[in-house]
Amino acid sequence: MKPSKIEIAGVCAKIVCQEKEFVLGIEEQYRDFQSTAEEDFVFYVDSEVQTSLVPDASEGVGYGEQNIVLIPGKWKYSIVLDEDRHMELGSIDIMGAKVHLHLLPGLEIGSYFELVFMYAIRHFLSYQGGLLLHASGVIREGRGFVFCGPDESGKSTIAKMAPASLVAADDSLALRVANGSCWLYTVPWGSRDSKNVSAPIAKVFFIHKARELEVRETALIEAVKQFLANTFFHTPDELIYARTLETVQYIAERVSCYELYFPPTGDYMDALLSS
Amino acid sequence: MVAMDNTVQRNERMPWRIIEDEAILVNIDNEIVIHLNEVAAVIWSTMDGKRTVREIVDTVHGMFKADRPTIEKDVVRFIEELLEKDAATVP
């Protein structure tokens, strides 16, 4: 089966799997993110793998609703079967640029693939000066605008209010430093029918619902804190935190950041997105 | 209680950066972001496991206008707070 390549925020993964149906499903799911670029890592989906219980997974870092655990130092993923037993699900090797995910009998692989794939992309992205952020984004006349905030902060609402703009994402997107510039990229998660688009970032807004419109500049250190508070981490790898901190500071120093207190209606978006 | 001759080592599993003379730390275990003011940032950055508390006090005293007993008290209190939170150790 010919390998597929998927590129997200400039990180390219080659997917190697012998299960034709699975590969076709992945190609359909990520059709707008297909790539011919040279891969940054190879993602092997292994069938017919003898897997085993992980004896010391209790020290792992759990993430996601699917009860997958990453075990520090060993770079093994496991699935929580019950309170005490974890089944090995795969492994990640950042330096060797390889990720393995086992197809386990009786396991619905689709959701696990997406979770582990997102996790792997996040790792490689952070090593390359990027991060995944809780944010919506719009692109207008080639300029990117980021609306960053936690759940229920109004990310989708504010993005839809932007006139004559492409809503690039309504829940999560990637930020990345490329050739010294700060870019936003769409990701195929969190938004419906995600298109693969990117743009240099013109402004970042940290959003808050309010009755009256108020916009004020965010101090550098506050911007760094808000970026970090809305970044997807969930990893025991301190190097990822260190790299992300570095990236966040770089972006916050170069992009205009604002606190945006916004009402859900009003005719203010044109002014907000102007230079 | 930490003694003036003790050396103090910041927790290396807490990535940090100095930003405009202040510091941002991330506690990996709970993903909490910690913001240190200018004085605390100097103390944190000098907790390298080699310098004693007395030397850290000397450094802070040389950088900020305050009397030494006050600085000594503040440095010790801050370090003890970090020790309680496992953000630092006395090797």
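Among the residues of region A:172-217, which ones are hydroxyl-bearing (Ser, Thr, Tyr) and surrounded by fewer than 20 Cβ atoms within 10 Å (Cβ to Cβ)? Across region A:172-217, the qualifying residues are A:181, A:198.
Collect the residues in region A:88-108 that are hydrophobic (A, V, I, L, M, F, W, C), modelled with pLDDT of 70 or more and in contact with a Leu (Cβ under 9 Å, 6 or more places away or on another chain), keeping them in residue-number order. Selection gives A:89, A:92, A:94, A:101, A:104.
Among what's in region B:35-48 and is part of a strand (DSSP E or B) and surrounded by fewer than 17 Cβ atoms within 10 Å (Cβ to Cβ), pick the residue that is nearest to the other protein chains (Cβ to nearest Cβ). Here the residue is B:35.
Yes or no, residue by residue, for (1) part of a helix (DSSP H, G or I); (2) within 14 Å of chain A (Cβ to nearest Cβ); (3) buried (at least 17 other Cβ atoms within 10 Å of the Cβ); (4) at positive phi:
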residue	(1), (2), (3), (4)
B:13	no, yes, no, no
B:23	no, yes, yes, no
B:26	no, yes, yes, no
B:50	no, no, no, no
B:55	yes, no, no, no
B:71	yes, no, yes, no
B:75	yes, no, yes, no
B:78	yes, no, yes, no
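Within the option set A:174, A:120, A:135, A:164, being touching a residue at least 24 places away in the same chain (Cβ under 8 Å) and assigned to a loop (DSSP other than H, G, I, E, B) holds for one residue only, A:164.
Checked across region B:15-31, the condition of being under 30 Å from residue A:248 (Cβ atoms), basic (Lys, Arg) and in contact (Cβ under 8 Å) with a residue 12 or more places away in the chain holds for no residue. When each of A:249, A:226 is tested for being more than 17 Å from residue A:121 (Cα to Cα), within 14 Å of chain B (Cβ to nearest Cβ), free of Cβ contacts under 8 Å to residues at least 60 places away in the same chain and not hydrophobic (A, V, I, L, M, F, W, C), the lone residue that passes is A:249.
The values are calculated or read from the model by the stated rules, or taken from the named source; none is laboratory data. This structure is a prediction, so every number in the text was calculated from the model and none was measured. No Cβ is skipped: glycine too gets one built from the backbone with ideal geometry, and neighbour counts run over all protein chains shown.
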